[in-house]
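The values are calculated or read from the model by the stated rules, or taken from the named source; none is laboratory data. All of these numbers come straight from a predicted model, not from anything done at the bench. Because the Cβ atoms are built from the backbone with ideal geometry, glycine has one as well, and the counts that use them run over all protein chains shown. The accessibility values were calculated without ligands, DNA or RNA, using every heavy atom of the protein model including side chains. Shrake-Rupley method; radii C 1.70, N 1.55, O 1.52, S 1.80 Å.
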Amino acid sequence: MAFDAAEAPVLVVDGLRTEFATGEGPPSVAVHDLSFTVRRGETLCIVGESGCGKSLTALSILRLLPRPYGRIGAGRVLLDGQDLAQISDAEMRAVRGRAISMIFQEPMSSLNPVLTIGRQIAETVMVHEQLDWSACMGRALEMLRQVRIPEPERRLQEYPHQLSGGMRQRVMIAMALVCRPRVLLADEPTTALDVTIQAQILDLVRDLQQETGTAVILITHDLGVVAEMAERVLVMYAGNKVEEGSVTEIFDAPTHPYTRGLMAAMPHLGGGQGHRGRLNEIPGVVPALHARPPGCSFAPRCPLVLDKCRVEAPPLLGVGGTHAAACWVTAGNA
């Protein structure tokens with residue numbers, strides 16, 4: 001769906017800081033000063049290795065951080081101007097599922113094993129729209145048809161363990177979209193699915209987005225999914241935004257050394273880099289929350305590191321168009 005760049009964003013994340021209490025000393029920062037926007041009908045992909053803060057960003061937006069240890073330490077999460085970081089728990093429960101929804105990574109652990117599929121979808125409608133049970137079940141049946149589950153009348157009465165992985169993921173999509181939310185968070189929605197089912201799920205999300213105008217934030221580490229789905233891309237490392245731009249800018253001219261490393265690690269079919277040889281890899285691991293290095297967090301793994309990188313964290317610098325990166329070397333501010 002084309003969107004108007006002048007249109008006000010549906011969701012604005014401004015200076016988000018997510019912290020975890022350690023019991024000793026200051027809290028550990030899992031997401032640091034993160035800002036981004038997403039407009040109606042737009043797809044923003046957030047990418048990075050495991051442990052970079054992608055899923056925690058989504059959980060922070062929905063205020064589903066584990067208590068009492070996790071909390072939003074600073075920043076705003078504005079949904080159509082309403083700051084979700086400041087409203088009460090009761091108000092937030094009214095927002096979840098209706099104005100903003102989430103597809104979780106593993107449907108088998110997200111669906112209730114002792115409730116039928118129909119009841120789980122219908123309860124979402126009943127909570128937010130106060131319809132009678134017959135109307136709620138009718139909406140559930142309509143959504144199962146919309147997500148192209150075969151024999152939807154029978155599936156209403158079945159339990160999660162009776163469905164395949166791809167069908168359970170379709171049920172999660174139905175639950176997330178049954179109240180037509182303005183924003184959909186999708187956390188690795190195709191993990192552990194075979195490539196055929198993965199393609200079907202992505203096509204389904206895209207088709208439903210075009211029908212409803214829902215803004216989608218897609219969290220993934222699969223750059224093939226990013227290339228297919230994204231309009232804009234945000235690259236995270238160690239809880240920080242290190243690069244942002246349109247999908248064309250990121251794929252055609254990756255600027256941050258971390259983004260370049262992710263791109264180089266992609267397998268290529270039919271010759272070229274990665275064919276009949278070892279894939280490139282980024283040495284080292286994402287630093288633990290309590291062991292973040294001073295300066296740039298990527299410095300210990302970076303092939304272009306300067307002395308300045310080890311003591312001073314780079315700001316996000318524009319590199320043309322909507323493209324920006326946080327690097328002293330490649331962003332031209334060494």
Could you state the number of Å between the C-alpha centres of segment 87-120 and segment 137-172?
-> 16 Å
Given q = 0.17, 0.20, 0.23 Å⁻¹, what are the Debye log10 I(q)/I(0) values for segment 29-114, with equal point scatterers placed on the Cα positions and solvent ignored?
-> -0.85, -1.19, -1.52
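What ranking do 256-265, 14-23 get when scored by the average of other Cβ atoms within 10 Å per residue, highest first?
On the way: 256-265: 21.1, 14-23: 16.2.
The densest-packed peptide leads the list: 256-265, 14-23.
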With only Lys, Arg, Asp and Glu charged, each at its Cβ (+1 for the first two, -1 for the last two), find how big the charge dipole of segment 106-173 is about the Cα centre; round to the nearest 20 debye.
-> 220 debye
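One quarter of the convex hull surface, Cα atoms only: what value does that give for the chain in nm²? Walk me through the numbers on the way to the answer.
On the way: hull surface 75.0 nm².
Mean projected area of the Cα convex hull: 18.7 nm².
With a sphere of radius 11 Å drawn around the Cβ of residue 220, what net charge do the other residues whose Cβ falls strictly inside it have (Lys, Arg +1; Asp, Glu -1)?
Values: positive: 54; negative: 187, 188, 222, 228.
Value of the local net charge: -3.
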For a label point 7 angstrom out from the Cα of residue 8 toward its Cβ, which stretches of segment 15-47 have the backbone nitrogen within less than 15 Å?
-> 38-40
Relative contact order of the chain, pairs being alpha-carbon contacts under 8 Å that are 6 or more residues apart, as % | 19 percent
To the nearest 0.05, what FRET efficiency results for residue 74 and residue 279 with a Förster distance of 51 Å applied to their C-beta separation?
-> 0.85
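Which percentage, to the nearest 5, of the DSSP beta bridges contained in the chain is antiparallel? Don't jump to the answer; show the numbers that get you there.
Details: 28 of 47 bridges.
Among the beta bridges of the chain, antiparallel pairing accounts for roughly 60 percent.
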Assign unit charges at the C-beta atoms only (+1 for Lys and Arg, -1 for Asp and Glu), then state the dipole size of the chain relative to its Cα centre in Debye, rounded to the nearest 20.
-> 420 debye
In whole percent, what relative contact order does segment 145-234 give with Cα contacts below 8 Å and a gap of six or more residues?
-> 29 percent
Can you tell me the relative contact order of segment 132-183? Whole percent, Cα pairs under 8 Å, sequence separation 6 or more.
-> 44 percent
Area projected by the alpha carbon convex hull of segment 133-215, averaged over all directions, nm² = 5.6 nm²
Rounding to the nearest 20 debye, state how big the charge dipole of segment 162-219 is about its Cα centre with +1 on each Lys and Arg Cβ and -1 on each Asp and Glu Cβ.
-> 200 debye
Shape of segment 90-231, Cα gyration tensor, a/c cut at 1.5 = oblate
The simple spin-label model distance between residue 162 and residue 145, using points 7 Å out along Cα→Cβ, in nm, is 2.0 nm
Near residue 155, within a Cβ-to-Cβ distance under 15 Å, what is the net charge of the other residues, with Lys and Arg +1 and Asp and Glu -1?
-> +3
What does the accessible area per residue of the chain come to in Å², with a 1.4 Å probe and no ligands, DNA or RNA counted?
-> 46 Å²
With a Förster radius of 22 Å, plug the Cβ-Cβ distance of residue 89 and residue 132 into 1/(1 + (r/R0)^6) and report the FRET value to the nearest 0.05.
-> 0.20
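Quick test of the membrane-span-like rule: which DSSP H helices of the chain reach at least 15 Å along their long axis (C-alpha atoms) with mean Kyte hydropathy at least 0.5? Numbers along the way, then the final one.
Working: long enough: 117-129 (18 Å, 0.14); 133-146 (20 Å, -0.04); 165-177 (18 Å, 0.65); 195-212 (26 Å, 0.01).
Sorted by number, the helices that extend far enough and score high enough are 165-177.
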